[in-house]
1. Give the residue, chosen from V46, V79, V59, V93, that is touching a Gly at 6+ places or on another chain (Cβ under 7 Å) and in the same structural domain as Q123 (by TED's automatic domain parsing).
2. Grab the strands (runs of 3 or more DSSP E) fully contained in the range 39-148, keeping just those with 2 or more residues being among the aromatic types (F, W, Y).
3. Is it fair to say R376 is over 30 Å from D308 (Cα atoms) and either part of a strand (DSSP E or B) or basic (K, R) (or both)?
4. Going through the range 307-335 one residue at a time, which ones are farther than 23 Å from C398 by Cβ and of a type in the set (S, T, N, Q)?
5. When you scan the range 24-66, how many residues do you find that are of a type in the set (S, T, Y), surrounded by 18 or more Cβ atoms within 10 Å (Cβ to Cβ) and under 14 Å from D108 (Cβ atoms)?
6. Based on this model, can you work out whether Y339 counts as loosely packed, with under 13 Cβ neighbours inside 10 Å and aromatic (F, W, Y)?
Amino acid sequence: RATATMGEAPEPSPQAPLAVLSKVELRVSCKHLLDRDTLNKSDPCVLLLMQSQGQWMEVDRSEVIKSNLNPVFAKIFTVDYYFEEVQKLRFEVYDSHGHAGVGTHDDDFLGGMECTVGQIVAQKRVTKPLFLKYGKFAGKSTITVISEEISGNNGYVELAFRAKKLDDKDLFSKSDPFLEIYRIDDDRSEQLVYRTEVVKNNLSPIWEPFKVSLNSLCSCEEKRKLRCVVWDYDSRGKHDFIGEFFTTFEEMQKAMGENKVGTRTWGQPVGSPLHAANRSYSRRHLPAPPLVLGLSLWKIHRVYSFLDYIMGGCQIHFTVAIDFTASNGDPRNSCSLHYINPYQPNEYLKALVAVGEICQDYDSDKKFSALGFGARIAPKYEVSHDFAINFNPDNDECEGIQGVVESYQSCLPKIQLYGPTNVAPIISKVARVAADEERPKEAS
């Protein structure tokens with residue numbers, strides 16, 4: 001229950017926009033997409049939509065990846081994250097035909113998936129099946145969404161790559177090279193950080209400069225391994241491997257010199273035997289010249305935010321405490337906050353659902369303690385300021401928010417609203433539970 005006294009700052013208007021807690025980057029990939037093309041494979045593209053006032057509004061869309069049923073999109077979707085709001089997202093995958101904007105009637109719908117921003121943030125990586133219209137599975141198609149927070153103080157780096165005399169993979173023209181940068185995570189999986197544009201018919205390409213946050217590049221860990229791969233683009237999706245090298249942000253920084261801008265020779269030679277011993281990718285077994293890297297570095301500041309703890313595995317243990325004092329009014333009276341109305345929820349039920357739907361995304365077992373205070377309870381009808389509303393003193397947890405709602409509805413006719421208002425016993429109890437959950441190790 002919200003209360004205010006004279007001299008306190010007024011509460012914000014419910015119509016006022018919520019302050020942005022943080023911004024989140026979403027990376028998308030798909031597997032086993034449906035093949036809608038006759039001669040080639042599907043050319044997938046992803047549309048991101050967010051629900052606003054009951055309507056789905058397009059937020060952004062990815063690039064089109066030619067002839068690929070297992071695309072990893074380079075496009076990074078950025079969304080505002082509000083902890084206190086259920087933000088519903090919808091991802092739609094289309095086979096683009098390129099005649100008009102993606103998502104038109106000319107494009108084939110390959111499937112969609114709905115979730116909330118909270119679910120993605122809490123799990124960090126969400127993989128779900130794609131569905132066609134009317135809830136039909138899109139074959140074995142799945143979509144994976146990975147989230148990372150954008151911290152205002154993360155800093156970013158500006159990178160510019162170029163190469164000289166790359167291996168020629170084409171018979172009647174020169175290679176069409178593009179570069180991919182992958183971050184190697186702790187589980188040894190690789191996360192695409194950036195994919196450059198394709199430079200057509202050029203063995204000494206100069207790719208456009210780009211900016212990337214330090215969090216995206218190396219998770220703010222300067223020693224984290226990065227893999228840089230150069231490919232010869234193929235319109236059918238069968239790109240030819242030209243070469244690769246491994247490095248770290250720390251090595252880049254040392255090569256450039258602290259807070260300096262310039263170009264340096266970097267990495268092992270592209271196409272060198274060191275990184276291609278078992279790959280028959282070259283007609284000539286001669287090492288090609290190295291890549292030349294230009295790097296601009298800005299100062300980096302790291303501030304751990306609320307999202308850092310959530311995405312680091314911190315769980316929110318949600319406990320409900322319901323005020324059953326007589327000041328709420330007789331539940332048989334329509335003016336009461338506990339009014340028992342068979343046709344619509346009362347004010348307490350509305351509050352339970354509104355808050356619970358937010359918090360449940362961040363609780364792994366979805367079991368919530370539900371307590372009451374300020375009522376006379378059976379069998380002696382003595383006043384209690386700490387009782388389980390499911391009347392199970394050994395286990396006050398309910399299964400999900402619906403379980404809390406059902407326990408509240410069952411409890412209300414069995415108790416007598418009384419008083420006084422004393423929430424201290426419940427606060428002390430929850431504090432003891434929290435203290436028992438403490439671990440000697442630091443939060444990750």
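The values are calculated or read from the model by the stated rules, or taken from the named source; none is laboratory data. Everything numeric here is computed off the predicted structure, so don't read it as measured data. Note: ideal-geometry Cβ built from the backbone for every residue, glycine included; neighbour counts use all protein chains shown.
1. V93
2. Working: elements: 44-52, 55-61, 72-81, 88-95, 108-116, 125-131.
Result: 72-81, 88-95.
3. Answer is yes for this residue.
4. Answer for the range 307-335, where residues must be farther than 23 Å from C398 by Cβ and of a type in the set (S, T, N, Q): S327, N333, S334.
5. 1
6. Considered against the rule, which asks whether it is loosely packed, with under 13 Cβ neighbours inside 10 Å and aromatic (F, W, Y), Y339 comes out as no.
Quick grid of which residues meet (1) within 18 Å of R27 (Cβ to Cβ); (2) at pLDDT below 85; (3) outside the structural domain of S67 (by TED's automatic domain parsing):
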residue	(1), (2), (3)
F131	no, no, no
T142	yes, no, no
K174	no, no, yes
P177	no, no, yes
L203	no, no, yes
K238	no, no, yes
